[in-house]
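First up is the structure itself, then whatever we jot down about it.
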Amino acid sequence: MASIKKLAALALLGLAACSAQSGAKPKSASSGPKIAEPWTGDPYPSTYHAYPGVPTLVTDVTILDGEGARIDDGQILFADGKVVALGQSVPAPAGATVIDGKGKWVTPGIIDIHSHLGDYPSPGVKALSDGNEATAPTTPDVWAEHSIWPQDPGFSRALANGGVTTLQILPGSANLMGGRSAVIKNVYSRTVQGMKFPGAAYGLKMACGENPKRVYGGKGREPSTRMGNIAVDRATWAKAVEYRRKWDKYEKDGGEAPARDIGMDTLAGVLAGKILVHNHCYRADEMAIVLDMAKEFGYHVASFQHSVEAYKIPDLLKAADTCASVWADWYGFKMESYDGIPENLALLERSGACATIHSDDPNGIQHLNQEIAKARASGLRMGIDIPREVAWKWASYNPAKALGIADRTGSLKPGKMADVVLWNGDPFSSYTRPEKVWIDGALLYDMHDPKRRPVSDFELGQIGEGDVK
Amino acid sequence: MKSLALLVAALLAGPAVAETVAFTGGTVAIGDGSQPIPNGTVVIRDGRVIAAGTGVAVPAGARTVDATGKWVTAGIVSGASTLALLDGYGMEETNDTTTKGSPFSAAIDIATSLNPTQMRLGVERSKGVTRAVVIPAAGNTMFGGQGAVIDLGADLDPVTRARAFQYVELGEAATKTGGGSRPAAHVLLRAALEAARNPALASGLEKDVLVTRADAAALLPVVEGRTPLLVHAERATDILAALALVREFPKLKLVLLGATEGWLVADRIAAARVPVIAAALTDLPENFEQLAATQSNVGRMAKAGVSVAISTQDASEGPYESYLKQYAGNLVALTRVDGATGLDWGQAFATITSRPALALGLDGEIGSLRPGRRADVVVWDGDPLEVASAALSVWIDGVQQPAGSRQTRLRDRYANPVEGALPKAYDQ
């Protein structure tokens, strides 16, 4: 199973490289073997493999499929790492493990589109502070995966307490262009490659607003204002357009391959639609500027992160097909978050814009189910009645969509990855906890089994090792 | 316009006259650790609780609030906040929490500078938070100064108790503010407390002086046990070092803040009768003084007989004092996790009402609906420890508070985000 997946991933990468080459017609005999456009492919490829699971049938359980459907007293079967079937009654193969789900709920695993686990890990000592390359306002050359510490104890808490199965690890927001993100499965590994979500697109973390202008203004250099932020962005995009043009010309006409620029590779990948932009941006007016800037240079913003004022511009977000990733109710912790309101998600949903919950926090990631419960309740109080099965999209399907992995995970459709949480009650409650968590069908957390509770290398042999956390 | 007018009216009116009110038919939670009481009655008069529970008579002439299908509880007391002292993090111009740059530390008295009109305070009030312990941050020494207990009422008089405690850092933070290391901080702490007993040991404003006469004077009620010493300590050994202080200064009234590793020494905290205002759910080794962090910490300490309040101390989310009810609910959830230790509902609710009051010796005054307490009452649309529930009305000192907050104004303005005949700025 594992090796087939790995081969498939490699084959995909190979195909991508081949098509780039076959599309080009070398004209110059002196140019030698053609170099593929450097933003395609992945030089640090995923070695993630699914752990073994057993065919599992959960019966008599409330199921939220993650795409808006709910089944009461239903059944769900998964096997060979994939969702097989769900409905009122599902035939189970002989030998399947059957779990009585009475009083319990099954949902897709939570996907946190905004995490710094691994690049700002616990313990938060300076020696492990690897999330912001705050030495230049644009660092599209840095990749979060080169910072991620796979032994962050936070991964285990996100799994066991939060039911999180997939995460996007982003660089921080000190820089206008903070670097590439990595999408990972929440499965401990010796290496970051062993956690990387096979075949997931890279993201580019961008930031507008207070942070970049504060960090670089404090160093006495551009940007020190919001207009400086956009000026530096535009100058950098203009270079990226030129860089891409050189490569396109080379692809078309051959000749000398352009000089590689690792940062420009990332930006050209964005312009080519291969790398997804996730833009930290709080204020409505700034998001509107960013959307116009994206039009100006020909790229798409996959998501705004932290957009506490998204509720002011749902129409613009919908028209741009850009998701808003938000907290349920954070507000007022800095000037640009002053206008945060707890109805943000509900107002976005009502308007038809794509919205997701997110954590940006090693504690918040442990209760995103409760966060969407608060958002749903806030909507209900102003007359927006969003059923639980629809609200769950904020926690799994919509983040998967914004990350470009919704064809593989984020909902319980047959054939998709069996990333599944069994909750010991209604997950829209303070009183509910994950009981079991499966990733690709492998049982990786079980409340009833201390052996199914990961302990990172860091915690091994130290006080508190193996405790309930 | 209407709610703003009400707010301004409330602010200008001065002390409002508290009426006699009976809340009837709701589920009543007193906040003293007892379990919720279905179909109970709460009666308040002249800003104080008269009675709460079953079989409570409604006085003639009382205004009656029908709470059928709702919950009526003691207001939430935040055990550790910066409310009224800081408009927002990252807005340093508004930051009155820190003593950095001042020649004084222990002498600093935040009650001089509280601002209850700040936006944050109004939002948290609308979410059922009625009182807060306000803690100054340590700056130039590990003493933060004299903190206060406030109410969140919509008026200009927030102080419930000024100089309610002295705040001191005795863990990793003390190494930054107390001379470079824990042992250095302990020297300074002892020197300061000795100077309080013997003012001749203190100095004026000479250069490099860490304890001035004013600081020493502020510490006198601490060594005499009239003012609690709130010690922030996370590591088990730091907690033990704090407990050891009482042997040298026998009258000290110690209170622990944080205590992430408290469960390791819970029996000793209990034996010393030291109350704890704990980090609610810290379960990560966020630094090397929290390696043994677990969400079961609060439950284990309570089981050992420690009086435990919870707080947003160490909470990286916000901090929002209104999250306390969610955290308390999560402590109940732990009772259904194998191997974990949580709290029952009554205990959990007490951690956010009477226990923080008790920690600072104010439980006779605030934090519960027991007779004689200040009438801080919240009517909820459901179980307050549920994430989905919300406050419907809030009463502080028996005065009904303005409904809503700045957040509800923004919500209503943007319920339809598209501009109409005039820009949004005209939509009031």
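Looking at this structure, is A:A238 without any contact (Cβ under 8 Å) to a residue 60 or more places away in the chain, outside any strand (DSSP E or B) and within 29 Å of the chain's Cα centre (by Cα)? Break it down into steps so the answer makes sense when it comes.
Values: without any contact (Cβ under 8 Å) to a residue 60 or more places away in the chain: yes; outside any strand (DSSP E or B): yes; within 29 Å of the chain's Cα centre (by Cα): yes.
When the stated conditions are applied, A:A238 passes them.
Please note which strands (runs of 3 or more DSSP E) are completely contained in the range A:259-339 and include at least 2 residues that are hydrophobic (A, V, I, L, M, F, W, C), closer than 30 Å to B:Q118 by Cβ and within 14 Å of chain B (Cβ to nearest Cβ).
Numbers: elements: A:276-280, A:301-305, A:323-326.
Per the criteria, A:323-326.
Can you name every residue in the range B:350-387 that is within 14 Å of another protein chain (Cβ to nearest Cβ) and part of a loop (DSSP other than H, G, I, E, B)?
B:T351, B:I352, B:D381, B:G382, B:D383, B:P384, B:L385, B:E386, B:V387
When you scan the range B:388-421, how many residues do you find that are outside any helix (DSSP H, G or I), closer than 20 Å to A:Y311 by Cβ and either over 24 Å from the mean Cα position of the chain (by Cα) or facing another protein chain (nearest Cβ under 8 Å) (or both)? I'd like the intermediate steps shown before the answer.
Quick first cut of the range B:388-421, residues outside any helix (DSSP H, G or I) only: B:388-405, B:414-421.
Remaining after also requiring closer than 20 Å to A:Y311 by Cβ: B:388, B:390, B:404-405, B:414-420.
Now narrow it down to the ones that are either over 24 Å from the mean Cα position of the chain (by Cα) or facing another protein chain (nearest Cβ under 8 Å) (or both): B:388, B:390, B:414-420.
Going through the range B:388-421 one residue at a time, the tally reaches 9.
Just the residues that are touching a Pro at 6+ places or on another chain (Cβ under 9 Å), closer than 29 Å to A:D329 by Cβ and not β-branched (V, I, T), please, taken from the range B:133-163.
Result: B:G144, B:G147, B:A148, B:D151, B:L152, B:G153, B:A154, B:D155, B:L156, B:D157, B:P158.
Taking the criterion of being crowded, with 23+ Cβ neighbours inside 10 Å, outside any loop (DSSP other than H, G, I, E, B) and not assigned by TED's automatic domain parsing to the domain that holds B:S389, would at least one residue in the range B:338-349 satisfy it?
yes
Which condition number does B:V387 fail, the rest of (1) over 30 Å from A:I313 (Cβ atoms); (2) crowded, with 22+ Cβ neighbours inside 10 Å being met?
(1)
Say whether the condition of being of a type in the set (A, V, I, L, M) and touching a Ser or Thr at 6+ places or on another chain (Cβ under 7 Å) is met by at least one residue in the range B:313-323. Talk me through it step by step, then tell me what you get.
From the range B:313-323, those of a type in the set (A, V, I, L, M) are B:315; that's our starting set.
Filter once more, so that each one left must be touching a Ser or Thr at 6+ places or on another chain (Cβ under 7 Å): none.
No; the residues of the range B:313-323 include none that is of a type in the set (A, V, I, L, M) and touching a Ser or Thr at 6+ places or on another chain (Cβ under 7 Å).
State the number of residues belonging to the range A:92-139 that are free of Cβ contacts under 8 Å to residues at least 12 places away in the same chain, more than 14 Å from chain B (Cβ to nearest Cβ) and either surrounded by 22 or more Cβ atoms within 10 Å (Cβ to Cβ) or among the aliphatic types (A, V, I, L, M) (or both).
Residues meeting the conditions: 1.
Would you confirm, using the coordinates I've provided, whether B:R268 is surrounded by fewer than 23 Cβ atoms within 10 Å (Cβ to Cβ) and not in a helix (DSSP H, G or I)? So that I can check it myself, show each step before the final result.
Details: surrounded by fewer than 23 Cβ atoms within 10 Å (Cβ to Cβ): yes; not in a helix (DSSP H, G or I): no.
In short, no.
For B:L422, indicate whether it is aliphatic (A, V, I, L, M), buried (at least 24 other Cβ atoms within 10 Å of the Cβ) and out of contact with any Asp or Glu (no Cβ under 6 Å at 6 or more places or on another chain).
Numbers: aliphatic (A, V, I, L, M): yes; buried (at least 24 other Cβ atoms within 10 Å of the Cβ): no; out of contact with any Asp or Glu (no Cβ under 6 Å at 6 or more places or on another chain): yes.
Against the criterion (aliphatic (A, V, I, L, M), buried (at least 24 other Cβ atoms within 10 Å of the Cβ) and out of contact with any Asp or Glu (no Cβ under 6 Å at 6 or more places or on another chain)), B:L422 does not qualify.
Quick one: A:E435 ticks every box in (1) part of a loop (DSSP other than H, G, I, E, B); (2) at pLDDT 95 or above except a single one, so which number is it?
Result: A:E435 fails condition (1) only.
Considering only residues that are hydroxyl-bearing (S, T, Y) and either touching a strand residue (DSSP E or B) at 6+ places or on another chain (Cβ under 6 Å) or assigned to a strand (DSSP E or B) (or both), which ones fall in the range A:139-186?
Of everything in the range A:139-186, those that are hydroxyl-bearing (S, T, Y) and either touching a strand residue (DSSP E or B) at 6+ places or on another chain (Cβ under 6 Å) or assigned to a strand (DSSP E or B) (or both) turn out to be A:T139, A:T165, A:T166, A:S173, A:S181.
Residue-by-condition table, conditions (1) in the same structural domain as B:L291 (by TED's automatic domain parsing); (2) closer than 15 Å to B:A106 by Cα; (3) touching a residue at least 40 places away in the same chain (Cβ under 8 Å); (4) of a type in the set (D, E, K, R):
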| site | (1), (2), (3), (4) |
| --- | --- |
| B:G171 | yes, no, yes, no |
| B:G180 | yes, no, no, no |
| B:R213 | yes, yes, no, yes |
| B:L220 | yes, yes, no, no |
| B:P228 | yes, yes, yes, no |
| B:H232 | yes, yes, yes, no |
| B:T237 | yes, no, no, no |
| B:E248 | yes, no, yes, yes |
| B:G258 | yes, no, yes, no |
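Kindly check whether there is at least one residue in the range B:276-285 that is out of contact with any Ser or Thr (no Cβ under 9 Å at 6 or more places or on another chain), at the interface with chain A (Cβ under 8 Å from one of its Cβ atoms) and not acidic (D, E). Give the derivation first.
Step one: of the range B:276-285, the residues out of contact with any Ser or Thr (no Cβ under 9 Å at 6 or more places or on another chain) are B:281.
Checking the rest, the ones that are also at the interface with chain A (Cβ under 8 Å from one of its Cβ atoms) come to B:281.
Imposing the further condition that a residue be not acidic (D, E) reduces the set to B:281.
For the range B:276-285, residues out of contact with any Ser or Thr (no Cβ under 9 Å at 6 or more places or on another chain), at the interface with chain A (Cβ under 8 Å from one of its Cβ atoms) and not acidic (D, E): present.
Say we look at the range A:90-101 and pick out the residues that are assigned to a loop (DSSP other than H, G, I, E, B) and in contact with a strand residue (DSSP E or B) (Cβ under 6 Å, 6 or more places away or on another chain); which of these is farthest from A:R408 (Cα to Cα)?
Out of the qualifying residues, it is A:G101.
Which condition breaks for B:A333 when tested against (1) in contact (Cβ under 8 Å) with a residue 24 or more places away in the chain; (2) facing another protein chain (nearest Cβ under 9 Å)?
(1)
Of the numbered conditions (1) in contact with a helix residue (DSSP H, G or I) (Cβ under 8 Å, 6 or more places away or on another chain); (2) assigned to a loop (DSSP other than H, G, I, E, B), B:D157 satisfies every one except a single condition; which is it?
If we test B:D157 against (1) in contact with a helix residue (DSSP H, G or I) (Cβ under 8 Å, 6 or more places away or on another chain); (2) assigned to a loop (DSSP other than H, G, I, E, B), just (1) comes out false.
Pick out the one residue from A:R452, A:R376 that is buried (at least 24 other Cβ atoms within 10 Å of the Cβ) and without any contact (Cβ under 8 Å) to a residue 60 or more places away in the chain.
A:R376
Let me spell it out: the conditions are (1) without any contact (Cβ under 8 Å) to a residue 40 or more places away in the chain; (2) surrounded by 24 or more Cβ atoms within 10 Å (Cβ to Cβ); (3) aromatic (F, W, Y), and A:F155 meets all of them except one. Which number is the exception?
Exception for A:F155: condition (1).
Just a yes or no: is a residue in the range B:65-73 among the acidic types (D, E), touching a residue at least 40 places away in the same chain (Cβ under 8 Å) and surrounded by fewer than 15 Cβ atoms within 10 Å (Cβ to Cβ)?
The first filter runs over the range B:65-73 and keeps only residues among the acidic types (D, E), leaving B:66.
Now narrow it down to the ones that are touching a residue at least 40 places away in the same chain (Cβ under 8 Å): B:66.
Checking the rest, the ones that are also surrounded by fewer than 15 Cβ atoms within 10 Å (Cβ to Cβ) come to B:66.
Yes, the range B:65-73 has at least one match.
Specify the residue that is nearest to the other protein chains (Cβ to nearest Cβ); the eligible residues are those in the range A:362-420 that are of a type in the set (V, I, T) and part of a loop (DSSP other than H, G, I, E, B).
Within the range A:362-420, the first condition is being of a type in the set (V, I, T), and the residues that meet it are A:365, A:372, A:384, A:386, A:390, A:405, A:409, A:420.
The next check asks that each one be part of a loop (DSSP other than H, G, I, E, B); those that pass are A:384, A:386, A:405, A:409.
On the way: A:I384: 9, A:I386: 12, A:I405: 27, A:T409: 26 Å.
Of everything passing the filter in the range A:362-420, A:I384 is nearest to the other protein chains (Cβ to nearest Cβ).
Any chance the range A:429-436 includes a residue that's more than 10 Å from chain B (Cβ to nearest Cβ) and over 17 Å from A:L368 (Cβ atoms)?
If we filter the range A:429-436 for residues that are more than 10 Å from chain B (Cβ to nearest Cβ), which is where we start, we get A:436.
Next, only the ones that are over 17 Å from A:L368 (Cβ atoms) stay: A:436.
Yes, that holds for at least one residue.
Checking B:W345 against (1) within 12 Å of chain A (Cβ to nearest Cβ); (2) more than 23 Å from B:P38 (Cα to Cα), only one condition comes out false. Which one?
Every listed condition holds for B:W345 apart from (2).
For A:K205, indicate whether it is of a type outside the set (A, V, I, L, M) and more than 14 Å from the chain's Cα centre (by Cα). Full working, then the answer.
Details: of a type outside the set (A, V, I, L, M): yes; more than 14 Å from the chain's Cα centre (by Cα): no.
Considered against the rule, which asks whether it is of a type outside the set (A, V, I, L, M) and more than 14 Å from the chain's Cα centre (by Cα), A:K205 comes out as no.
Of the conditions (1) closer than 30 Å to B:R48 by Cβ; (2) not in a helix (DSSP H, G or I), B:K325 fails just one. Which one is it?
Tallying (1) closer than 30 Å to B:R48 by Cβ; (2) not in a helix (DSSP H, G or I), B:K325 fails exactly one: (2).
Step by step: first the residues of the range B:85-113, then only those that are assigned to a loop (DSSP other than H, G, I, E, B) and farther than 14 Å from B:G145 by Cα, then the one that is nearest to the other protein chains (Cβ to nearest Cβ). Which residue is that? Even if it seems obvious, please write down each step before you answer.
The initial filter retains those residues of the range B:85-113 that are assigned to a loop (DSSP other than H, G, I, E, B), namely B:85-91, B:95-97, B:99-108, B:113.
Among the residues that remain, those that are also farther than 14 Å from B:G145 by Cα are: B:86-91, B:95.
Values: B:L86: 10, B:D87: 8, B:G88: 5, B:Y89: 5, B:G90: 3, B:M91: 5, B:N95: 12 Å.
If we take residues in the range B:85-113 being assigned to a loop (DSSP other than H, G, I, E, B) and farther than 14 Å from B:G145 by Cα, then B:G90 is nearest to the other protein chains (Cβ to nearest Cβ).
The values are calculated or read from the model by the stated rules, or taken from the named source; none is laboratory data. No experiment lies behind these values; they were computed from the predicted model shown. When we count neighbours, we look across all protein chains shown, and the Cβ atoms used for this are built from the backbone with ideal geometry, even at glycine.
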